[in-house]
Amino acid sequence: MPQEISSDPIRNDFLSNTDSDDEEGEIRSKDALSHSPIDSSRQSAIDSSEGAVTNEDSPRAELDTPSSSQAGRGRFVVIGIFLAFLGLLAIGLFRQNLFSQRAAGAAPDFEFTTFEGETISLADLKGKGVVLNFWASWCDPCRAEAELLETSWRNEETKGEIVFIGLDYLDQEHSALDYLAEFDVTYPNGPDLQSRIARRYRIKGVPETFFIRPDGSISTTIIGPILSEADFNRRLDDIRP
């Protein structure tokens, strides 16, 4: 568009400046149309990435700051405590498994006093087979085997090769004596005071019966009542001198 020429120099300068501003604004508008706008979130990400590069290149950037060192030490402490816990747990499980196993190999020695006042020790019976039976008057399965035990004892008593011993477990004396009288038990019986012998043999309940050879080693163990006379006799033959 042709510019209007005025004789007024001030007005001419104003018109010239106005045209320059219009041209500059037109150029900025064209530039804006040729580029996609960057939103604030993307601009922040770019600024952050630029800042990260700057920090990496900067000689003042330090990876091992006091806070990171403390965090590292804290992690080591937590890991150490966790490993110690696992170690204690493993030891506990090992000991539990060890003590959950019933006695085997050499029979633990013991000594007890019968209800009649006689003191008997396993060491004194070496050279003979021993049937060691743990029972209680409150134990119903014990009643199921009481008659078989007494009958077998009377058959073995005259031979002198095998000795039967009964240990009363966690019971009251008067109840135990009533039980022995009820089944007419004649082989040696006595209380296992404070369950000392039961703990040594690691029993889990009653009845439990251990068959001990003349050399003092445990042959076999029956957990629960003895119900088969044939099986019982086979076990007796295994511990016979």
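The values are calculated or read from the model by the stated rules, or taken from the named source; none is laboratory data. In this text, all values refer to a predicted model and were calculated from it rather than measured experimentally. So basically every Cβ, Gly included, is an ideal-geometry build from the backbone, and we count neighbours across all protein chains shown. Ligands, DNA and RNA are excluded from the accessible area calculation, which covers all protein heavy atoms including side chains. Shrake-Rupley method; radii C 1.70, N 1.55, O 1.52, S 1.80 Å.
Annotations for the structure displayed:
- Of the residues making up segment 195-241, those that are among the small types (Gly, Ala, Ser), in a helix (DSSP H, G or I) and surrounded by 12 or more Cβ atoms within 10 Å (Cβ to Cβ) are Ser195, Ala198.
- Checking every residue in segment 152-173 against the condition of being of a type in the set (S, T, N, Q) and within 18 Å of Arg235 (Cβ to Cβ) gives at least one match.
- Criterion: free of Cβ contacts under 8 Å to residues at least 60 places away in the same chain and open to solvent by 40 Å² or more (accessible area, probe 1.4 Å) - qualifying residue of Asp178, Asp168: Asp178
- Members of segment 131-177 that are part of a helix (DSSP H, G or I) and on the phi > 0 side of the Ramachandran plot: none
- Contact map, segment 209-228: first residue in contact (Cβ under 8 Å) with a residue 60 or more places away in the chain and among the basic types (Lys, Arg), second residue assigned to a loop (DSSP other than H, G, I, E, B) and surrounded by 16 or more Cβ atoms within 10 Å (Cβ to Cβ), Cβ cut-off under 6 Å, separation 6 or more or different chains; pairs are Arg213/Ile239.
- Only listed residue being under 22 Å from Gly224 (Cβ atoms) and more than 30 Å from the chain's Cα centre (by Cα), chosen from Ile203, Ile162: Ile162
- When segment 115-130 is filtered for residues that are open to solvent by 10 Å² or more (accessible area, probe 1.4 Å) and either assigned to a loop (DSSP other than H, G, I, E, B) or of a type in the set (A, V, I, L, M, F, W, C) (or both), the ones remaining, listed by number, are Phe115, Glu116, Gly117, Glu118, Ile120, Leu122, Ala123, Leu125, Lys126, Gly127, Lys128.
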